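The values are calculated or read from the model by the stated rules, or taken from the named source; none is laboratory data. Given the structure is predicted, the values throughout are model-derived calculations rather than measurements. Using ideal geometry, Cβ is built from the backbone for each residue, glycine included, and neighbour counts are taken over all protein chains shown.
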Amino acid sequence: MSDRAPGPELLGTRLRHLLELLDGDVAALYADLGLPGFRPRYTPVIRVLARTGPASIRDLAAATGVTHSAASQTVAQLTRDQLVTLAPGADARQRIVHLTERAESLLPVLDAEWSATTAAAARFEAELSYPLSRLVDEALDALRRRPMRQRIADVAPQLTAHHPDRDRAPD
């Protein structure tokens, strides 16, 4: 076993661990506030809906900085937890997300938590040699410009070359 700290080869694993630590503690805070099972990913969506009113999933994705798929999954969880409802939009494919009375009743607690978490995150970043939020933004921008799959192909084209079994129709 090496004494060397993990490098970029374990980046995904280490980022997931960091996210588990951050989200785990915020989820524990929600439980302390009497909201067991409330997920940290709910708060940005609920705050957007409280600020803007009903919105499409696409608009929620844009406002919270996640993919449409991630926003859709969060909305599905919020629906199961009876924090939002869905109604048809002008387009048959569009669904409009509305806060429930239950979610609206949580807004004072969520606003206080959001303010405290924002202040705590700023203090956390002040301990770092470089602001994590800025580094995450830079990393996301870099991956938008050139996705990781392409970066891997650049260094190992044989891994992404045409594979006959992969493209073959099932029997």
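Overview of results
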item: Selection within the stretch 123-135 - part of a helix (DSSP H, G or I) and either touching a helix residue (DSSP H, G or I) at 6+ places or on another chain (Cβ under 9 Å) or loosely packed, with under 10 Cβ neighbours inside 10 Å (or both); result: Arg123, Phe124, Glu125, Ala126, Leu132, Ser133, Arg134
item: Residue check for Ala139: of a type outside the set (Asp, Glu), within 20 Å of the chain's Cα centre (by Cα), under 19 Å from Arg39 (Cα atoms) and in a helix (DSSP H, G or I); result: no
item: Number of the condition not met by Glu101 [criteria: (1) surrounded by 11 or more Cβ atoms within 10 Å (Cβ to Cβ); (2) in the same structural domain as Thr52 (by TED's automatic domain parsing)]; result: (1)
item: Near pairs, Cβ below 8 angstrom, 6+ apart or cross-chain, from the stretch 129-143 (at positive phi) to any residue that is not in a helix (DSSP H, G or I); result: none
item: Single match in Arg41, Arg51 (criterion: at pLDDT 95 or above, closer than 20 Å to Thr118 by Cα, surrounded by fewer than 16 Cβ atoms within 10 Å (Cβ to Cβ) and among the basic types (Lys, Arg)); result: Arg51
item: Enumeration of residues in the stretch 70-82 that are crowded, with 17+ Cβ neighbours inside 10 Å and over 18 Å from the mean Cα position of the chain (by Cα); result: none
item: Residue match in the stretch 92-110 (condition: at pLDDT below 95, of a type outside the set (D, E, K, R) and outside any loop (DSSP other than H, G, I, E, B)); result: no
item: Any pair with Cβ under 7 angstrom, 6 or more apart, that starts in the stretch 1-29 at a residue that is closer than 30 Å to Ala119 by Cα and surrounded by 10 or more Cβ atoms within 10 Å (Cβ to Cβ) and ends at one that is polar (S, T, N, Q) and modelled with pLDDT of 95 or more; result: Val26/Thr117
